[in-house]
Every structure is written in structure tokens, then in C-alpha cells.
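Visitor: Mind looking over this structure? Questions follow.
The values are calculated or read from the model by the stated rules, or taken from the named source; none is laboratory data. A quick note: this is a predicted structure, and the numbers were derived from the prediction, not measured. Positions of Cβ are generated from backbone atoms using ideal geometry, with glycine treated the same way; all protein chains shown enter the neighbour counts. For accessibility, only protein heavy atoms count, side chains too; no ligands or nucleic acids. Shrake-Rupley method; radii C 1.70, N 1.55, O 1.52, S 1.80 Å.
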Amino acid sequence: MVFAGISDRGQRKAENEDAFLSDGQRGLFIVADGIGGMIDGARAASVVIEHTHRALCAESPPSPGLAPPERALELAEALGTANSALWQLKSGRSGATCLVIRVTGDSLYFAHAGDCKLYLYRHCGLTQLNREHSLVRRLVDGGHLTEAEARTSKYRNVVERALGIAEALEPESGRIALEKGDRVLLCSDGLLADICADEVEALLGEHAQEQRCCEALVDAANAAGGSDNITVVVVDI
């Protein structure tokens with residue numbers, strides 16, 4: 001497993017409210033995005049990552065006897081722990097979306113709340129593994145918006161789940177089987193704010209070196225407008 005990551009302010013934001021963490025030793029990767037319009041977005045993202053990672057380090061390595069659903073549940077519970085920490089710190093005045101994955105053996109486990117995205121690049125094709133908890137995603141899935149319209153919708157930044165905005169959190173979690181040669185992409189919503197999934201797919205296929213691939217993704221998003229903070233993590237299996 002080889003990996004790289006970049007977080008960039010973008011072209012139009014005064015501050016970078018994204019954050020990420022790569023812990024290759026434990027196979028843990030986390031992306032968080034502070035919610036714009038609330039106070040201390042950057043701090044919220046940092047708190048979420050810190051407490052999610054701490055909770056999973058306390059449980060790592062995962063018990064070999066755990067069934068796949070329980071392994072995914074560990075990640076969801078860690079997000080719940082981070083949610084409680086942020087809620088106690090800010091009492092609903094600050095929030096962040098978050099995606100966490102654990103790569104172990106031939107499996108990838110994930111949990112998320114919000115609109116950070118998880119993709120699998122396999123055999124030259126790109127598949128999104130999670131479903132964003134956002135208003136525009138619900139509108140697209142319901143046939144009320146196209147993907148292109150969603151990128152420019154006035155509702156594009158409205159998330160329907162996030163850490164820190166309520167005492168209780170309902171993250172979603174799951175598992176996929178990995179194959180040798182798979183490439184995994186974690187990103188904040190800013191990556192696809194100005195470019196489409198087809199462009200992401202092409203860049204993942206074009207750049208074999210992980211750091212260069214991350215740079216190319218961020219450069220493409222910035223060249224297209226860079227309307228939001230951009231964070232990408234690429235993990236090669």
C-alpha cells in the first residue's frame with residue numbers, strides 16, 4: 001500500500017477549513033471538511049480528525065475475530081466519539097463532515113457523515129463507494145437536478161448530516177473487497193465543485209505516482225475555478 005495526500009485552500013476561500021490524516025501503519029485515512037458559515041471550521045475539522053484517529057488507535061489493531069459489519073461499525077463508532085467531542089466543545093456552533101477508511105488485508109472499511117467522497121478506480125473505471133448526505137445529492141437521485149446543475153446549485157453546500165451539529169450522529173458505513181492494483185480516492189467536496197467525475201477518472205489513470213496524481217487533481221480543480229477548499233488522498237493497493 002502506497003499513499004499520498006494534499007489539502008489546498010483553493011482560489012476563492014480565505015482559509016482552508018479542510019484537513020486530512022494518513023496513518024499507513026494502521027491503514028487509516030481520514031478526510032474532514034469544516035462547515036462553511038459556522039464558526040471555527042478549520043478547528044472543527046482538526047478536532048474531528050484528532051478524536052476519530054484517537055478512538056481508532058485505542059482499538060487498533062482490530063480484533064481478528066470481528067466480522068466485516070463489526071469492523072465497519074468500529075469506524076462509525078469512532079465518528080460518534082468525534083461527534084461527541086465536537087458537540088461538547090462547540091455546542092452545535094461548529095461542524096464538520098468526515099470520511100474515514102481502514103484498509104486491512106483484502107478489504108476496505110469506511111464510515112462517513114456529510115459530503116466527503118470515496119471513490120474506487122479499478123480497471124480504468126471510477127466508482128463512487130459512498131453516497132453524500134447532501135441536499136443536492138438527494139435532488140439528483142430524485143431526478144430533480146442533473147449532475148451539472150448540482151455543481152452550480154445554490155443548495156450545493158447544504159449537508160444533511162455532519163459532526164458537531166447535534167448530540168447524536170448517524171454515520172453510514174460499509175465494506176468492499178479490494179484487488180491488487182486498485183486505487184482509492186478520498187476527497188472533500190471541493191474537488192468536484194468545479195470539475196466532473198470523468199476528469200477525475202482520467203487524471204487517476206494518467207498519473208501513476210501517488211503524489212503527482214494528488215497534485216494533478218488539485219491543479220485541475222484550481223484551474224477550473226477552485227471555488228472551495230480541495231483535499232485529496234490517493235491510496236494504491
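Visitor: Of all residues in region 147-170, count the ones that are open to solvent by 70 Å² or more (accessible area, probe 1.4 Å) and either of a type in the set (Gly, Ala, Ser) or free of Cβ contacts under 8 Å to residues at least 24 places away in the same chain (or both).
Guide: Residues flagged as open to solvent by 70 Å² or more (accessible area, probe 1.4 Å) and either of a type in the set (Gly, Ala, Ser) or free of Cβ contacts under 8 Å to residues at least 24 places away in the same chain (or both) within region 147-170 amount to 5.
Visitor: Does region 217-237 hold any residues that are open to solvent by 10 Å² or more (accessible area, probe 1.4 Å) and part of a helix (DSSP H, G or I), and which are they? Before the answer, list the steps.
Guide: If we filter region 217-237 for residues that are open to solvent by 10 Å² or more (accessible area, probe 1.4 Å), which is where we start, we get 219-220, 222-225, 227-228, 236-237.
The answer is 219, 220, 222, 223.
Visitor: Okay, next question. From the residues in region 127-168 that are touching a Lys or Arg at 6+ places or on another chain (Cβ under 9 Å) and not in a loop (DSSP other than H, G, I, E, B), which one is nearest to residue 113 (Cα to Cα)?
Guide: Ranking the candidates gives 134 first.
Visitor: Condition first: touching an Asp or Glu at 6+ places or on another chain (Cβ under 7 Å) and open to solvent by less than 10 Å² (accessible area, probe 1.4 Å). Now tell me which residues in region 74-105 satisfy that.
Guide: Across region 74-105, the qualifying residues are 94, 96, 97.
Visitor: Conditions first: (1) at pLDDT below 95; (2) open to solvent by 50 Å² or more (accessible area, probe 1.4 Å); (3) outside any loop (DSSP other than H, G, I, E, B). Residue 57 passes all but one, so which condition is the exception?
Guide: (2)
Visitor: Looking only at residues in region 6-38 that are on the phi > 0 side of the Ramachandran plot and out of contact with any Asp or Glu (no Cβ under 8 Å at 6 or more places or on another chain), which one is surrounded by the fewest Cβ atoms within 10 Å (Cβ to Cβ)? Explain how you work it out, then say what you get.
Guide: Applying the first criterion (on the phi > 0 side of the Ramachandran plot) to region 6-38 yields 10, 27, 37.
So of that shortlist, the ones also out of contact with any Asp or Glu (no Cβ under 8 Å at 6 or more places or on another chain) come out as 27, 37.
On the way: 27: 21, 37: 8.
Per the stated criteria, the residue is 37.
Visitor: I need the full set of residues from region 62-73 which are open to solvent by 20 Å² or more (accessible area, probe 1.4 Å) and either under 21 Å from the mean Cα position of the chain (by Cα) or modelled with pLDDT of 85 or more (or both), in order please. Give the steps one after another, and end with the answer.
Guide: Quick first cut of region 62-73, residues open to solvent by 20 Å² or more (accessible area, probe 1.4 Å) only: 62-71, 73.
Result: 68, 69, 70, 71, 73.
Visitor: Considering 233, 159, which residue is of a type in the set (A, V, I, L, M, F, W, C) and at pLDDT 95 or above? Break it down stepwise before answering.
Guide: Working: 159 fails: at pLDDT 95 or above.
After applying the criteria, what remains is 233.
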